Amino acid sequence: MLRLDKYIADTGIASRKDVKAAAKRGAVTVNGVPVKDVSERIDENTARVVYCGQAVNWRKYVYVMLNKPAGYISSTEESPKTVMKLLPEEYSKMECFPCGRLDIDTVGLLIITNDGPLAHKLLSPRHHAEKTYYYRCSPDIGEAEAARLCEGVDIGDYVTKTSRVELLAGGEGYITLTEGKFHQIKRMFEAVGSGITYLKRVEFGTVTLDSSLSEGEWRELTAEELERLKKAAE
Ligand code: URA
């Protein structure tokens, strides 16, 4: 059971103060009945709440897939160029945050959620959630360098765990990791004498970036994608 003002404010559509004022005017209904006392507790799983004519869609957790463009930082800090600025304000009000970080120049799949426990599991090294990146590098690497990347390389302060590499022609390919150290892929390629020129995350914990999303576009995860993400965190 949740207080009515909290229930509405949690969705980000209005502040608790606005809800109180609207309720006084009779503009807040629960199951079709106007409720004036916003401290009333309602069943968040069954109540049908309408605020100023708008049905309120309360959810404990939300899960967004963003195709992150270059130039944005994966943070919730106050800055005009955080990935949160690419989503409607409601998501920030619902205390969403990026699940892990992509470098400012890395593009592609970023999951944004307010489900702290799930994010924690997905990022924990114990759960080995896989992340796959499409890369372009220069100079190109061959089978020998790819084998070294797969076995694990010394990136200065750390020896990476095993990974998978799929080589394509012309300095392109895919690399799949189960960890996410700072600048990890860039440092791995440097360790084998190459350099990353383009990096795009295409998969996270078996959820694939929706190819219909252009850079900067987002959508919520489908129920099926969410189920797969939860499995990846088990
Ligand atoms: N590895 C990197 O070097 N950068 C990223 O953004 C992600 C993985």
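Values as computed for the structure displayed
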read-out: Residue in region 73-90 that is in a strand (DSSP E or B) and closer than 30 Å to LEU209 by Cβ present; value: yes
read-out: Verdict on LYS131 being more than 13 Å from the ligand (Cβ to nearest atom) and surrounded by 16 or more Cβ atoms within 10 Å (Cβ to Cβ); value: no
read-out: Residues of region 109-150 that turn out to be more than 30 Å from ASP10 (Cβ to Cβ) and out of contact with any Leu (no Cβ under 6 Å at 6 or more places or on another chain), as a count; value: 20
read-out: Matching residues, region 29-45, being at pLDDT below 95 and either open to solvent by 80 Å² or more (accessible area, probe 1.4 Å) or in a strand (DSSP E or B) (or both); value: ASN45
read-out: Odd one out for LEU2, checked against (1) hydrophobic (A, V, I, L, M, F, W, C); (2) within 14 Å of LYS93 (Cβ to Cβ); (3) at pLDDT below 95; value: (2)
read-out: Residues located in region 41-68, provided they are free of Cβ contacts under 8 Å to residues at least 24 places away in the same chain and within 22 Å of LYS24 (Cβ to Cβ); value: ARG48, VAL50, ALA55
read-out: Selected residue [within 14 Å of the ligand (Cβ to nearest atom), open to solvent by 40 Å² or more (accessible area, probe 1.4 Å), in contact (Cβ under 8 Å) with a residue 24 or more places away in the chain and outside the structural domain of ALA119 (by TED's automatic domain parsing)] from GLY170, GLY180, GLY195; value: GLY180
read-out: Any hit, region 144-153, residues being on the phi < 0 side of the Ramachandran plot, modelled with pLDDT of 95 or more and in contact with a Gly (Cβ under 8 Å, 6 or more places away or on another chain); value: yes
read-out: Filter result for the condition that a residue is within 14 Å of the ligand (Cβ to nearest atom) and in contact (Cβ under 8 Å) with a residue 60 or more places away in the chain, over LEU118, LEU122, LEU102, LEU149; value: LEU102
read-out: Single condition PHE204 does not satisfy, out of (1) away from the ligand (no atom under 14 Å from the Cβ); (2) surrounded by 18 or more Cβ atoms within 10 Å (Cβ to Cβ); (3) modelled with pLDDT of 95 or more; value: (1)
read-out: Single match in ILE155, ILE196, ILE185 (criterion: β-branched (Val, Ile, Thr) and out of contact with any Lys or Arg (no Cβ under 9 Å at 6 or more places or on another chain)); value: ILE185
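The values are calculated or read from the model by the stated rules, or taken from the named source; none is laboratory data. Everything numeric here is computed off the predicted structure, so don't read it as measured data. Glycine gets a Cβ as well: all are built from the backbone with ideal geometry, and neighbour counts include every protein chain shown. Just the protein is used for accessible areas: all its heavy atoms, side chains included, with ligands, DNA and RNA removed. Shrake-Rupley method; radii C 1.70, N 1.55, O 1.52, S 1.80 Å.
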